[in-house]
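Comments concern the structure below.
The values are calculated or read from the model by the stated rules, or taken from the named source; none is laboratory data. Given the structure is predicted, the values throughout are model-derived calculations rather than measurements. Quick reminder, even Gly has a Cβ in these numbers, built from the backbone with ideal geometry, and neighbours come from all protein chains shown.
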Amino acid sequence: MDPEQAERTEFEAFFRTEYVRIIKILVVMGATLAEAEDATQAALTDAYQRWESIDRPGAYVRTAAVRQFLKNRQRRREGGHRELWAAARTPIEDAAAADQDFAAVEDQQWVTQILDKLPRAQREVIALIMDGFETKEIAELLGKQEMTIRQHKSLARRNLIKTLEDSQADTHGGGR
């Protein structure tokens, strides 16, 4: 196999493993399915063009996709298209269907429902933490101070614990 074909094969394997994962991250951050697909496609196209020079393609593409989504969202806000951006979100099961694992889809839906109860800033931070980003990386990616990211993380944890406790109380017939 010539080097160009080997490179293409390597990228195709990378694409198959990362595409749905990146879309899920963006959807948890608040993107619609279409927004997540657009940002992911842009990031993967850029990665393919630079494939030889990228040391950590997973981190590169995830970072590029998140930045692309945030940039697109900011453009929509500045352009006065808030109604389009706030339109009903496409259910996560569309993105997760490629997994062919019903239990995983149900788990993802449950996690998404729980995370949707968080304020947007907290949800973004938790989504990036779930994908393995460190506090410093999240701060750089979102253009915020590390202390702000730590505060969002702390508040999100408290909110998630309360939500889970309330959910357990409802499930077991307990009330407050």
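Overview of values
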item	result
Test for Glu52: is it part of a helix (DSSP H, G or I), at pLDDT 90 or above, charged (D, E, K, R) and under 30 Å from Pro3 (Cα atoms)	no
Residue within the range 55-65 that is loosely packed, with under 14 Cβ neighbours inside 10 Å, closer than 29 Å to Phe11 by Cα, modelled with pLDDT of 85 or more and not hydroxyl-bearing (Ser, Thr, Tyr) present	yes
Every residue from the range 134-151 that is more than 18 Å from the chain's Cα centre (by Cα) and either closer than 15 Å to Gln122 by Cβ or polar (S, T, N, Q) (or both)	Gln145, Met147, Thr148, Arg150, Gln151
Count - residues of the range 24-40 that are buried (at least 23 other Cβ atoms within 10 Å of the Cβ), among the small types (Gly, Ala, Ser) and under 18 Å from Ala121 (Cβ atoms)	1
Unique residue being surrounded by 13 or more Cβ atoms within 10 Å (Cβ to Cβ) and at pLDDT below 80 when the list is Thr112, Thr148	Thr112
Condition met for Ala103 (exposed (fewer than 13 other Cβ atoms within 10 Å of the Cβ), at pLDDT below 75, assigned to a helix (DSSP H, G or I) and among the aliphatic types (A, V, I, L, M))	yes
Residue match in the range 67-83 (condition: at pLDDT 85 or above, farther than 18 Å from Leu141 by Cβ and assigned to a helix (DSSP H, G or I))	no
